[in-house]
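Encoded as structure tokens, the structure appears first; notes follow it.
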Amino acid sequence: MFASLKTSPADPILGLLAKYREDTNPKKIDLGVGVYKNEAGETTVLNCVKKAEQHRTDTETSKVYLGPTGSTLFNDEMSKLIFGQDHKVLNENRARTVSTPGGTGALRVAAEFIKSCKAGATIWVSNPTWANHTGLFEAAGLTVKTYPYYDYDNKTLDFDGMLAALKQVSADDAVLLHACCHNPSGMDLNNEQWQQVAEVAKSIGFTPVIDMAYQGFGQGLDEDAYGLRLMAASVKEMVVCSSCSKNFGLYRERIGACTIIGESSLQADIAYSVVLSVVRVIYSMPPAHGAALVETILTSDELRNEWYVELAEMRNRINGNRQLIVDKLVENGVTRDFSFITKQAGMFSFLGITPAQVQQLQDEYSIYMVGSSRMSIAGIANSNIDYLAQSIAKVL
């Protein structure tokens, strides 16, 4: 059976990481992988997470399955974190949440659920979008189309193009939107633009699928959820895919959530039953450890407040790095305007250089970023900023 197989191409980001690890240059810089790093270049465990883990060690009494839905407490706390304490869909009992293996698991559950609603359904994604979106949607049998989003020439959001495209979407299509910290461009919709998109969604009736992988990494927990909450209050049906990898630092625990909003409580129950059927035949039961840590933090005033502080530290460091790289490029005599980097949010930004210049940075200076010039802002540090800015200046 295996004889006809051909080697699949390596994931470009994972391949980049392998090259970085093999590089012996002591000045090497990794701007490729999308994980938060502190000033020392380490992705450490949050203090609030360590305390929650100790609590779990002391109090856990069983490793028995929780069921396809996962922890009810985690699901309830995630719903409140996503929508806020007093949102319309929660008050009307129209939202149903299940635990998933990370944000990717949530997206795959959402894709399979949409296929259950309509075989061969079309989902629209931004151009560009996270590299894995298209593959996982197509693997579930959906047709993937794109709408304009990032204007590469002007380094800004192509909102007019986006809105014009969304007005042509069919009512029985789904549209993927990034809640905040757009991956890979860092360009987000402002509040007024979210209002316009919500009006189009409500008017046409397409199903919004909101991917929120970075809540709290942009401007704040509530600020980053503005568009999602507005959309949820505007439309009859919606899907939300959320992740605890970044804002809780639980990358390897693989914990996320998929939330379905129905037009009524009864419709939400019906949709929920379909979601559970989807879960059952993909991974059967979700992982429990990460969910237990998150619910412990969110239900403890002490740990929740400590989490707020640690999350703010990560967010402020990333935002500070944006200004830092712009200032250092100017300091090194770069006359090209890179101020667009400071107007973006989250982990990523397109540097806006050519693939050849990206390769030159890698070959001559051991600076690693994706070929599109997408760089992970968290990889910048005071210890490497001068070398980074000087190297970029040399290839421009």
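The values are calculated or read from the model by the stated rules, or taken from the named source; none is laboratory data. No experiment lies behind these values; they were computed from the predicted model shown. Quick reminder, even Gly has a Cβ in these numbers, built from the backbone with ideal geometry, and neighbours come from all protein chains shown. Heads up: the accessible areas ignore ligands, DNA and RNA and are worked out on the full protein's heavy atoms, side chains in. Shrake-Rupley method; radii C 1.70, N 1.55, O 1.52, S 1.80 Å.
Does any residue of region 224-233 turn out to be open to solvent by 20 Å² or more (accessible area, probe 1.4 Å), of a type outside the set (Ser, Thr, Tyr) and touching an Asp or Glu at 6+ places or on another chain (Cβ under 9 Å)?
Taking every residue of region 224-233 in turn, at least one turns out to be open to solvent by 20 Å² or more (accessible area, probe 1.4 Å), of a type outside the set (Ser, Thr, Tyr) and touching an Asp or Glu at 6+ places or on another chain (Cβ under 9 Å).
Is there a residue being in contact with a Pro (Cβ under 7 Å, 6 or more places away or on another chain), open to solvent by 10 Å² or more (accessible area, probe 1.4 Å) and not in a helix (DSSP H, G or I) anywhere in region 253-262?
yes
Just give me the residues in region 266-291 being touching a Ser or Thr at 6+ places or on another chain (Cβ under 7 Å) and open to solvent by less than 30 Å² (accessible area, probe 1.4 Å), in sequence order.
278, 286, 291
Every residue in region 199-236 that is within 19 Å of residue 100 (Cβ to Cβ) and free of Cβ contacts under 8 Å to residues at least 60 places away in the same chain, please.
Once the filter is applied, which keeps residues that are within 19 Å of residue 100 (Cβ to Cβ) and free of Cβ contacts under 8 Å to residues at least 60 places away in the same chain, region 199-236 yields 208, 210.
Hey, any hits in region 244-252 for a residue that's open to solvent by 30 Å² or more (accessible area, probe 1.4 Å), of a type outside the set (Gly, Ala, Ser), under 23 Å from residue 130 (Cα atoms) and not in a loop (DSSP other than H, G, I, E, B)?
So far as region 244-252 goes, yes, one or more of its residues are open to solvent by 30 Å² or more (accessible area, probe 1.4 Å), of a type outside the set (Gly, Ala, Ser), under 23 Å from residue 130 (Cα atoms) and not in a loop (DSSP other than H, G, I, E, B).
Of all the helices (runs of 4 or more DSSP H) wholly in region 72-170, which have at least 2 residues that are within 29 Å of residue 283 (Cβ to Cβ) and aliphatic (A, V, I, L, M)?
Working: elements: 72-83, 88-91, 102-117, 131-139, 159-166.
Here the list reads 72-83, 88-91, 102-117, 131-139.
Any chance you could count how many residues in region 171-219 are over 23 Å from residue 375 (Cα atoms), open to solvent by 10 Å² or more (accessible area, probe 1.4 Å), assigned to a loop (DSSP other than H, G, I, E, B) and out of contact with any Gly (no Cβ under 6 Å at 6 or more places or on another chain)?
Adding up the residues that qualify gives 3.
Scanning for something in contact with a strand residue (DSSP E or B) (Cβ under 6 Å, 6 or more places away or on another chain), hydrophobic (A, V, I, L, M, F, W, C) and on the phi < 0 side of the Ramachandran plot, does region 189-198 turn up at least one residue?
No, the conditions are met nowhere in region 189-198.
Collect the residues in region 326-360 that are in contact with a helix residue (DSSP H, G or I) (Cβ under 6 Å, 6 or more places away or on another chain), free of Cβ contacts under 8 Å to residues at least 40 places away in the same chain and under 22 Å from residue 17 (Cβ atoms), keeping them in residue-number order.
Matches in region 326-360: 357, 360.
List every residue pair whose Cβ atoms lie under 7 Å apart, where the two residues are 6 or more positions apart in sequence or sit on different chains, the first residue falls within region 63-86 and is of a type outside the set (Lys, Arg), and the second residue, located anywhere, is surrounded by fewer than 17 Cβ atoms within 10 Å (Cβ to Cβ) and in a helix (DSSP H, G or I).
That search, which allows pairs on different chains as well, returns 68/276; 68/280; 69/276; 84/222.
Can you pull out every residue in region 303-351 that is of a type in the set (Gly, Ala, Ser) and surrounded by fewer than 17 Cβ atoms within 10 Å (Cβ to Cβ)?
The answer is 312, 320, 333, 339.
From the list 325, 353, which one is in a helix (DSSP H, G or I), within 27 Å of residue 127 (Cα to Cα) and among the β-branched types (Val, Ile, Thr)?
325
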